[in-house]
Amino acid sequence: YTGKTSLSYISEKIKKIKVSDIKSVPVVVDEAISIYDAIVLMFIEDVGSIYVTSKGLLSGVVSRKDFLRNAIGGIDLNKMPIGMIMTRMPNIVYVEPEDSILDAAIKLIDHEIDSLPVIEEDKEAKGYKVLGRITKTTITGLFVELGKND
Ligand code: ADP
């Protein structure tokens, strides 16, 4: 008997799971597309947040609340590009493939956000490529897997 509680056993197990093990496919658009088109895409792809790139590098995130806030403002959704309303770099909270899933979950809770882009630095281009996403649903799915497994 190791003297370990079952809670610390679960904790050890979770810390070994990496972001790259369970990341999902992100929805990514260029920051020039209109707010209208981004809203349509959000419905079609059934996601709550979309990642935005400029020249293929991460430049922002746009979520349901960003659309609602601007819809109330009464702007022209067809003319306004997504880049006008998104949350911009360097204010994006992200994770890297080798980070533990626990660190990702802590970021989601601490920053009160629904998703994190999984990124890879492109040193030459001086920016970040988007490789995937981790969402609250990803974490819930993992919780269910771990719960069922014992
Ligand atoms: P929702 O709008 O559906 O509640 P969030 O809670 O994720 O979704 O988003 C709340 C705010 O945080 C929005 O303004 C959004 O642009 C911003 N946001 C979302 N994800 C991130 C992130 N990974 N890093 C920084 N800001 C984010």
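The values are calculated or read from the model by the stated rules, or taken from the named source; none is laboratory data. Please read all numbers here as calculations on a predicted model, not as lab measurements. All Cβ positions, glycine included, derive from the backbone under ideal geometry; neighbour counts span all protein chains shown.
Quick one: is Ser8 in contact (Cβ under 8 Å) with a residue 60 or more places away in the chain and either assigned to a strand (DSSP E or B) or not acidic (Asp, Glu) (or both)? It would help to see each step written out before you state the result.
Details: in contact (Cβ under 8 Å) with a residue 60 or more places away in the chain: no; either assigned to a strand (DSSP E or B) or not acidic (Asp, Glu) (or both): yes.
No.
Every test in (1) within 12 Å of the ligand (Cβ to nearest atom); (2) of a type outside the set (Ser, Thr, Tyr); (3) touching a helix residue (DSSP H, G or I) at 6+ places or on another chain (Cβ under 7 Å); (4) without any contact (Cβ under 8 Å) to a residue 60 or more places away in the chain is passed by Gly48 save one, and that test is (4). Taking the conditions (1) surrounded by 14 or more Cβ atoms within 10 Å (Cβ to Cβ); (2) at pLDDT below 95; (3) touching a Phe, Trp or Tyr at 6+ places or on another chain (Cβ under 9 Å) in turn, Lys79 satisfies each one other than (1).
Checked against the criterion of being under 29 Å from Ser6 (Cα atoms), under 14 Å from the mean Cα position of the chain (by Cα) and either aromatic (Phe, Trp, Tyr) or modelled with pLDDT of 95 or more (or both), the candidates Leu131, Leu108 yield just one match: Leu108. When each of Thr140, Thr87 is tested for being free of Cβ contacts under 8 Å to residues at least 40 places away in the same chain, β-branched (Val, Ile, Thr), within 16 Å of the ligand (Cβ to nearest atom) and loosely packed, with under 14 Cβ neighbours inside 10 Å, the lone residue that passes is Thr140.
Among the residues of segment 11-51 satisfying the criterion of being among the acidic types (Asp, Glu) and outside any loop (DSSP other than H, G, I, E, B), which is modelled with the lowest pLDDT? It comes out as Glu12.
Criterion first (more than 13 Å from the ligand (Cβ to nearest atom), touching a residue at least 60 places away in the same chain (Cβ under 8 Å) and farther than 17 Å from Phe143 by Cβ) does Pro97 satisfy it? Break it down stepwise before answering.
Numbers: more than 13 Å from the ligand (Cβ to nearest atom): yes; touching a residue at least 60 places away in the same chain (Cβ under 8 Å): yes; farther than 17 Å from Phe143 by Cβ: yes.
The answer is yes for Pro97.
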